[in-house]
Amino acid sequence: MLQGLLRQHSCPQALALRVRIVLAAATGQRNELVARQLGCTPKTVRKWRARWAAALSRLAAAEAEPHDLCATIAVVLADAARTGAPGTFSAEQIVQIINLACTPPTEAGRPVDAWTPRELADEAVKRGIVSSISARSVERFLKSGRAAAAPQPLLAECQNQSS
C-alpha cells in the first residue's frame, strides 16, 4: 500500500518523504543513513519512525480491511495538530453561510441577481449567523469547501483499493 502511494503522481512531497522513511526503517537502516539518503535530518527520521512504531498495533488491527488500513495510515502519516488561536468561525456558522449562498438573493430581499462575498457577509451579520465577517472570509469558505483531514492522494489510493 505504501509503495502504491509513492507511485501516485499526486502524492505530496511531505507525505512521500514520510513513506520513504517508513519503508527505509523497515529494512533496518540506521537513522543517520536514511536521513542522508533522503536529504532530511536524523531528527525527522526519528520522529516518523517513532510515530510509525507507536501505531503498529493500530495498523495491525486495521490490516484486515483495506479502507480501514488506508485511513489508519493517513492518520499516522498526517501532520500533528498545530497549536495556535482557535478558529474564528464554527463549522455550523460556515455551513450556514454556505447554505445562505445557495439561496437566491431575492429571497433575502437583496437587490442583486447573484450573491457577492460582500452581500453574503452583510446578510450573515443581518441574520445573526455571525457578529461580523469580512467578504474575504466568506470568499475563502466558498472556495475551500473545507478539505478532509486525510491527505487527498491517500484517500484516492484507498478508494482505488476498495473498488
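Residue 125 versus residue 53, label points 7 Å from Cα toward the beta carbon: distance in nm?
Placing both labels 7 Å along Cα→Cβ, they lie 5.5 nm apart.
Assign unit charges at the C-beta atoms only (+1 for Lys and Arg, -1 for Asp and Glu), then state the dipole size of the chain relative to its Cα centre in Debye, rounded to the nearest 20.
The calculated dipole for the chain is roughly 940 debye.
Of 111, 5, 29, which is farthest along the charge dipole of the chain in the positive direction, counting Lys and Arg as +1 and Asp and Glu as -1 at C-beta?
Checked the options; the winner is 29.
Eigenvalues of the Cα gyration tensor times 5, then square-rooted: what semi-axes does that give for region 9-79, in whole angstrom, largest first? Walk me through the numbers on the way to the answer.
Details: eigenvalues 95, 39, 18 Å².
Each semi-axis is √(5λ); the values are 22, 14, 10 Å.
Work out how far the C-alpha atoms of the chain reach from end to end along every principal axis, then list the three figures in whole Å, largest first.
Between the extreme Cα coordinates on each principal axis of the chain lie 67, 36, 28 Å.
How far is helix 13-26 tilted off the main Cα axis of the chain, in degrees rounded to 10, range 0 to 90?
30
What is the spin-label model distance, in nm, from residue 93 to residue 60 if the labels are put 7 Å beyond Cα along the C-beta direction?
Placing both labels 7 Å along Cα→Cβ, they lie 4.6 nm apart.
Per-residue HN-Hα couplings for region 128-142, Karplus 6.51 cos²θ - 1.76 cosθ + 1.60 at θ = phi - 60°, whole Hz, x for Gly and Pro?
So the J values, rounded to whole Hz, are x, 5, 9, 7, 7, 7, 8, 4, 5, 5, 4, 4, 4, 4, 5.
Calculate how steeply helix 66-77 sits against the longest principal axis of the alpha-carbon atoms of the chain, using the helix alpha-carbon long axis, and give the answer as 0 to 90 degrees to the nearest 10.
Roughly 90 degrees between the two axes.
Here, each number is a calculation from the coordinates, and none is a lab measurement. Note that the coordinates shown come from a computational prediction; the quantities given were computed from them, not determined experimentally. As a convention, Cβ positions derive from the backbone with ideal geometry for all residues, glycine included, and neighbour counts pool all protein chains shown.
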